[in-house]
Amino acid sequence: MLKKLWNFLSRSRGKKDTVDDIESVMQAVDRERLPKHIAIIMDGNGRWAQRRGMPRTYGHKAGVESLREIVRACNELKIPVLTVYAFSTENWKRPREEVDALMDLLVEYVYKEIDELDRNKVQVRAIGRIHKLPEKCQQAVAFARERTKDNDGLILNLALNYGGRSELVDAVRSILQMTADKKISIKDIDEQLISSHLYTAGLPDPDLLIRPSGDFRISNFLLWQLAYTEFWYTDVMWPDFRKEDLLRAIYDYQNRERRFGGLKQK
Ligand code: IPE
Ligand code: IPE
Ligand code: MG
């Protein structure tokens, strides 16, 4: 089975893989060593559209299709947590029409997908300064959270108006408030306490970070949580990103040696 997996993954991308091929690779993945948390920077929508002579928003729409497929695949593989970067605190700098289109897409995604997500036991959450999003987005997020809160499948964390730095600012503020209220003292501040004040409190740190579209940077994503995360990059643009790319990333991850500052396991 492993040989089959390797043969499949080493083939150049873009070959017409039959659905059956991909399905058998899904079955061959080593389920014992799956990442517990995958984080994805869903990048490259704009370039993908522009290369086709289309407006950037066309790329964002196409990106939703990739998200749908990857959520399904992660759920099928029983990955516990998937965090997707959908809108950063810096993305407000974009033209108004693009920001509006992204907000509309979020609302559309939630209401269109919620039945399937719920049926598949996905638990939808959101991280970021959600209260600063337009009202209709806040409502969509609250609706999805409430509807899926008891589900025990994949935790789908939508990073919306998310910034790693603003997350740390919010954590510092809330910790300082606790010291001011005399609920904790300064000596109680340790790594665990800081983690527990982040938006991702209670979730494991990502094991695998995927960034499509050929850029090699974090872009203010999960600054604290990515300390020992394995990075995986691809030139494939997010709207073209498919299950087979996810499988490549996972396979690669499973063949790495994580040392966490220690030494190779004997
Ligand atoms: C990612 O695609 C989506 C968001 C940032 C919301 P981009 O819009 O950044 O696409 P590129 O990187 O410009 O191609
Ligand atoms: C990161 O992509 C944010 C999201 C994918 C939501 P950007 O396109 O905003 O990042 P930069 O500007 O290339 O660093
Ligand atoms: Mg980008």
ask   = Under a plain spin-label model, where a point goes 7 Å from the Cα along Cα-to-Cβ, how far apart in nm are I218 and S24?
value = 4.2 nm
remark   = Checked against a 28 Å limit on the C-alpha separation, the offending pairs among K93/K182; K149/K243; K149/K187; K93/K149 are K93/K182; K149/K187; K93/K149
inquiry  = Can you give the local net charge around H37? Use residues other than it whose beta-carbon is closer than 12 angstrom to its beta-carbon, Lys and Arg +1, Asp and Glu -1.
reply    = -2
task = In square nanometres and to one decimal, what's the mean projected area of the convex hull around the Cα atoms of the stretch 140-253?
result = 9.3 nm²
ask   = Non-local amide H neighbours of L208 (under 5 Å, H modeled in plane, Pro and chain starts lacking H): which ones?
value = H37, A39, E230
remark   = FRET efficiency (R31, E257; Cβ distance; R0 22 Å; to 0.05) is 0.65
Built amide H within the under 5 Å cut-off of Q123, gap 5+ = G153, L154, I155, L156
ask   = Zone of Q265 (label point 7 Å along Cα→Cβ, backbone N under 17 Å): which residues in the stretch 183-220?
value = 207-208
query = Among E32, E76, E116, which one shows the biggest mean-square fluctuation in a GNM of the chain, springs joining Cα atoms closer than 10 Å?
reply = E32
Added length on full extension, which subtracts the Cα-Cα distance from 0.36 nm per residue, F143 to A180 = 9.9 nm
ask   = Hey, could you pull the Cα Rg and Dmax for the stretch 146-213, both in Å?
value = 15.0, 47
message = Within 15 Å, Cβ to Cβ, of L209, how many net charges do the neighbouring residues add up to if Lys/Arg are +1 and Asp/Glu are -1?
response = -1
inquiry  = Principal axis extents for the chain, Cα atoms only, whole Å, descending order, please.
reply    = 61, 55, 35
inquiry  = Using each residue's phi in the stretch 45-61, evaluate 6.51 cos²θ - 1.76 cosθ + 1.60 at θ = phi - 60° and report the 3J(HN,Hα) Karplus result to the nearest Hz, with x for Gly and Pro.
reply    = 4, x, 5, 4, 6, 4, 5, 9, x, 10, x, 4, 5, 4, x, 5, 4
message = Starting from 0.36 nm per residue, how many nanometres of slack lie between K93 and D235 once their C-alpha separation is accounted for?
response = 48.6 nm
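All of the numbers you see were taken from the coordinates with simple rules; none came from a lab. This one's a predicted model, so the numbers in the text were calculated from it and none came from an experiment. Every residue, glycine as well, gets a Cβ built from its backbone with ideal geometry; the counts of neighbours run over all protein chains shown.
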